[in-house]
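Structure record follows, encoded as structure tokens.
The values are calculated or read from the model by the stated rules, or taken from the named source; none is laboratory data. Small disclaimer: the values here were computed from a predicted structure and weren't measured. When we count neighbours, we look across all protein chains shown, and the Cβ atoms used for this are built from the backbone with ideal geometry, even at glycine.
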Amino acid sequence: MFKVVSVEQMREIERAADAGGLTYATMMENAGRSVAQHILQRTPEIAGRRVAILVGTGNNGGDGLVVGHYLAEAGAQVAAYLLKERPADDVNLTRLQGHGALIAVAGADQRERVLRNLMGSADVVVDALLGTGFHLPLEGAAREMLATAGTVLASRESRPFVVAVDCPSGLDCDTGDAAPEALPADLTVTLAAAKPGLFAASGARLIGDLALGDIGLPEGFAQVSKAEIEVAEKSMLRAWRVPRPRDAHKGTFGRAMVIAGSVNYPGAAALAGEAAYRVGAGLVTLAVPSLIQGMLAPQIPEATWLLLPHEMGAISEAAAAVLEPELAKCEAILLGPGFGQDPVTADFLARLLHGSGSGKPGMGFVHPGVAAHAADTTLPPFIVDADGLKLLAGLDQWPRLLPERSVLTPHPGEMAVLTGLTTEEVQRNRLALARQMAATWRHVVMLKGAYTVVADPNGACAVLPFATPALARAGTGDVLAGAIAGFVAQGLDPWRAAVMGGFVHARAGELAAESLEGSASVLASDVLAGLPCALAELNAA
């Protein structure tokens, strides 16, 4: 299990482990060995390669020295560059010296010549300078050391493989704030548990790939297990798989309704509908403006259709009456992909939500000061995405209009609209904000972006371990929303459906980028095509 803990919680974990007989020295040995193993997995031909280790004064520096030992044992040419002299009885330094490693100290390095040479020639750089206890501002010799290292690395034609031990130096692991000199990593091996700052906007730009390092804690260690936030892993999601019995029929796997599309954005409905099918929904109904149905039908012949009234190709207010009798026949309802923000669609959404379950479609907007009725609890969860979220934000007391534990899927800009914050404020503390708003709104909140956060109003929270530009393309959000709707239709709890949908969607993006040998050419349809392979990986024993 891969948890997320604060810096202080991590200190408590280490203190409890030490009190239980797992000494700090043993934890350091285990940590360094684990980081080295991750490096060897990614650079198996390490023999003869040059490894430069930036070594701080604390335990993080000690971890780095242990990494150096194991890489030297594997045949690497290791050099350690120390921020300050370490004690003469430092066993990890002495052991590394026994391998013939070059040891240099910043204070004795005139004009930083050694540091520049190491950064200019290294095949692998291990950043073990500043650990999780770092807080801004970054000052003194550490700042100069990181600035020089960063300058040299940026000037190289071929960048070495940079590995951060626990976190990139210069990053505050609680807040995610980072110094300008913070060293971006290709791989961060976070020790025992991830830290929240890794998933803030600055952290996500710095950490590269994220891996978990083992410090030797026993499985189910209480202080880790009680942490509320976790990083989604395949082993966790496999336990949520929907059974597919041999005697199943389409009704077994539920009906998803996708209310989507406009003349300006017709493809959104098709992408979302097919995604719901691809993840296993038994029946998908596309409720779209009648004007665009003819162009969509050849794209998704498996769908059934509900043709909606429109004005100039945008869903109109009269569509609420068409939808009203159909809503309770579904297991999941997706609202929003490709809506646009035409005023007639805003009127439609208001009438649909205020009329749902009341038997009186056409109730209109709730005016300021007038209490909104609670949504009908007999309706299935809604998944609200894209323009649906922006239109939703214009309704008074909107959280009360949705069925309980509906799923909201905002990107940072949409989250800003829903909360009244700036996008920068949203990005500053993504984990805490997603959890806060899930509890306040009483709905599942999926805050999208690098390391998407999925928070449940009941307290569960998961971070998706993906950050890829392959998903930075129009239409990929429609695929994601459809996948979530497909999982909800099959009976998954809304929070689990969001986590599952987000995981397979992001992995499909990675697979598409691998297939096309780069992320720049990935289209939403490529991500859609990757869903079956991502699901197959998840289902593999």
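When residues of the range 16-50 are filtered for being under 25 Å from VAL463 (Cβ atoms) and over 24 Å from the mean Cα position of the chain (by Cα), how many remain?
Of the range 16-50, the ones under 25 Å from VAL463 (Cβ atoms) are 16-17, 27, 30-31, 34-35, 37-39, 41-42.
Filter once more, so that each one left must be over 24 Å from the mean Cα position of the chain (by Cα): 16-17, 27, 30-31, 37.
Matching residues across the range 16-50 total 6.
Got a sec? Which strands (runs of 3 or more DSSP E) wholly within the range 1-106 have at least 1 residues that are of a type in the set (S, T, N, Q) and more than 27 Å from THR175 (Cα to Cα)?
Values: elements: 50-55, 77-82, 102-105.
Fully inside the range 1-106 and qualifying: 77-82.
Let's see how each residue does on (1) under 24 Å from LEU40 (Cα atoms); (2) of a type in the set (Asp, Glu); (3) in contact with a Ser or Thr (Cβ under 7 Å, 6 or more places away or on another chain):
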| position | (1), (2), (3) |
| --- | --- |
| VAL125 | yes, no, no |
| GLY140 | no, no, no |
| THR148 | no, no, no |
| VAL152 | no, no, no |
| PRO168 | yes, no, yes |
| ALA179 | no, no, no |
| ALA192 | yes, no, no |
| LEU210 | yes, no, yes |
| GLY213 | yes, no, yes |
- [ ] Go through the residues of the range 145-152 one by one and say whether even a single one is surrounded by fewer than 17 Cβ atoms within 10 Å (Cβ to Cβ), β-branched (Val, Ile, Thr) and either in contact with a helix residue (DSSP H, G or I) (Cβ under 9 Å, 6 or more places away or on another chain) or farther than 20 Å from GLY213 by Cα (or both).
- [x] yes
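From the list ALA328, ALA346, exactly one residue is part of a helix (DSSP H, G or I), at pLDDT 95 or above and out of contact with any strand residue (DSSP E or B) (no Cβ under 8 Å at 6 or more places or on another chain). Which is it? Lay out the reasoning, then the answer.
Values: ALA328 fails: at pLDDT 95 or above.
The conditions single out ALA346.
For the range 107-154, name all the residues that are polar (S, T, N, Q) and either in contact with a strand residue (DSSP E or B) (Cβ under 8 Å, 6 or more places away or on another chain) or part of a loop (DSSP other than H, G, I, E, B) (or both). Even if it seems obvious, please write down each step before you answer.
Pass one, the range 107-154, residues polar (S, T, N, Q): 110, 117, 121, 132, 148, 151.
Hits for the range 107-154 are SER121, THR132.
Taking the range 440-498, which residues are β-branched (Val, Ile, Thr), under 18 Å from the mean Cα position of the chain (by Cα) and surrounded by fewer than 21 Cβ atoms within 10 Å (Cβ to Cβ)?
Taking the range 440-498 as the starting set, the residues that turn out to be β-branched (Val, Ile, Thr) are 440, 444-445, 452-454, 463, 468, 476, 479, 484, 488.
Add one more test, that the residue is under 18 Å from the mean Cα position of the chain (by Cα), and what stays is 444-445, 452-454, 463, 468, 476, 479, 484.
Correct list: THR468 only.
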Task: Enumeration of residues in the range 106-120 that are farther than 15 Å from LEU82 by Cβ and touching a residue at least 12 places away in the same chain (Cβ under 8 Å) - done: ARG116, GLY120
Task: Failed criterion for ALA497 (all others in (1) in contact (Cβ under 8 Å) with a residue 24 or more places away in the chain; (2) at positive phi hold) - done: (2)
TODO: Please work out which residue is surrounded by the fewest Cβ atoms within 10 Å (Cβ to Cβ), limiting yourself to the range 506-526 and to residues that are touching a Leu at 6+ places or on another chain (Cβ under 7 Å) and of a type in the set (A, V, I, L, M).
DONE: ALA524
- [ ] Please identify the pairs in which a residue from the range 240-256 that is free of Cβ contacts under 8 Å to residues at least 40 places away in the same chain and assigned by TED's automatic domain parsing to the domain that holds LEU306 has its Cβ atom under 9 Å from the Cβ atom of a residue that is in a loop (DSSP other than H, G, I, E, B) and of a type in the set (D, E, K, R), counting only partners at least 6 apart or on another chain.
- [x] THR252/ARG244
- [ ] Would you check if LEU217 is in a strand (DSSP E or B), touching a residue at least 60 places away in the same chain (Cβ under 8 Å) and closer than 30 Å to PHE161 by Cβ?
- [x] no
Open item on the list: What's the number of the only condition in (1) at pLDDT below 95; (2) buried (at least 21 other Cβ atoms within 10 Å of the Cβ) that LEU531 fails to meet?
Closed with: (1)
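Scan the range 184-197 for residues that are of a type outside the set (Ser, Thr, Tyr) and within 23 Å of GLY220 (Cα to Cα) and report the count.
Pass one, the range 184-197, residues of a type outside the set (Ser, Thr, Tyr): 184-187, 189, 191-197.
Going one step further and asking which of them are within 23 Å of GLY220 (Cα to Cα), we end up with 189, 191-196.
Residues that pass the stated criteria total 7.
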